[in-house]
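J.: Can you read through this structure? Questions will come right after.
The values are calculated or read from the model by the stated rules, or taken from the named source; none is laboratory data. Keep in mind that this is a model prediction, so the values were computed, not measured. Backbone-built Cβ (ideal geometry, glycine too); neighbour counts: all protein chains shown. Just so you know, the surface numbers come from the protein's heavy atoms only, side chains and all, with ligands and any DNA or RNA stripped out. Shrake-Rupley method; radii C 1.70, N 1.55, O 1.52, S 1.80 Å.
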Amino acid sequence: MRRGRNARVDTFLPASGIPEPDRVTEAIRRGRLYRDAGADCIYPIGVRQKHDLATLVTELPGPVNGNTGEYLDLATLREMGVARVSYGPRFYRAALADLKTAVQELLA
């Protein structure tokens with residue numbers, strides 16, 4: 001059984017150096033290249049706006065991965081047709097915050 005290949009498109013990350021108005025267009029260009037090269041799913045990491053992700057789902061051939069966030073909860077991603085959902089470091093960060101609070105309470 002072949003394992004799925006998820007192609008990460010980093011155009012939405014600040015470190016990408018891509019101006020915000022060009023990010024969706026560049027993500028589509030890269031996503032299509034990845035699909036042509038055999039990727040099973042496109043992962044545009046760092047997309048925060050619903051309209052940007054909706055455009056990618058519509059314009060990219062094949063499944064698109066989405067991250068949950070302030071404007072993108074699981075129900076919204078499902079309605080948009082996102083094929084795979086990532087929570088990123090969300091649970092890790094929440095666990096660390098809870099641990100920090102618990103330790104501070106113990107030390108108080």
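J.: For segment 1-76, state which trypsin sites (Lys or Arg not before Pro) are in a DSSP loop and have at most 12 other beta carbons lying within 10 Å of their beta carbon.
T.: Those that pass, being in a loop and sparsely packed, are 2, 3, 5, 48.
J.: Here's something else I'd like to know. List the GluC sites (Glu not before Pro) within segment 68-108 that DSSP assigns to loop and that have no more than 15 neighbouring Cβ atoms inside 10 Å.
T.: 70
J.: Shifting gears a bit: Using +1 at the C-beta of Lys and Arg and -1 at the C-beta of Asp and Glu, which of 28, 4, 49 has the Cα lying farthest in the positive direction of the dipole of segment 1-52?
T.: The Cα lying farthest towards the positive end belongs to 4.
J.: Now for a separate question. Using only Cα atoms, locate the centre of segment 1-31 and the centre of segment 38-86, then give the distance between them in Å, rounded to an integer.
T.: Distance between centres, Cα-based: 12 Å.
J.: Right, here's the next one. Considering the options 58, 83, 72, tell which one lies farthest towards the positive end of the dipole of the chain, charges being +1 on Lys and Arg and -1 on Asp and Glu at the Cβ, about the Cα centre.
T.: Ranked along the dipole, the leading option is 83.
J.: For segment 1-79, state which chymotrypsin sites (Phe, Trp or Tyr not before Pro) are in a DSSP loop and have at most 12 other beta carbons lying within 10 Å of their beta carbon.
T.: Passing both the DSSP loop test and the Cβ count: 71.
J.: Across the chain, what fraction of all alpha-carbon pairs, as a whole percent, falls in each successive 10 Å bin from zero upward?
T.: Computed distribution, short to long bins: 14, 40, 26, 12, 6, 1.
J.: What is the local net charge at residue 77, summed over the other residues whose Cβ is closer than 15 Å to its Cβ (Lys, Arg +1; Asp, Glu -1)?
T.: +1
J.: Can you tell me the orientation of helix 23-36 relative to the chain, as the angle in degrees between its alpha-carbon axis and the longest Cα principal axis, to the nearest 10?
T.: Orientation of helix 23-36: about 70 degrees from the principal axis.
J.: What do you get for the angle between helix 50-59 and the principal long axis of the chain? Use alpha-carbon atoms, 0 to 90 degrees, nearest ten.
T.: With both axes taken from Cα atoms, the answer is about 30 degrees.
J.: Can I ask one more? Heavy-atom accessible area per residue, segment 49-108, 1.4 Å probe: how many Å²?
T.: Accessible area per residue, segment 49-108: 69 Å².
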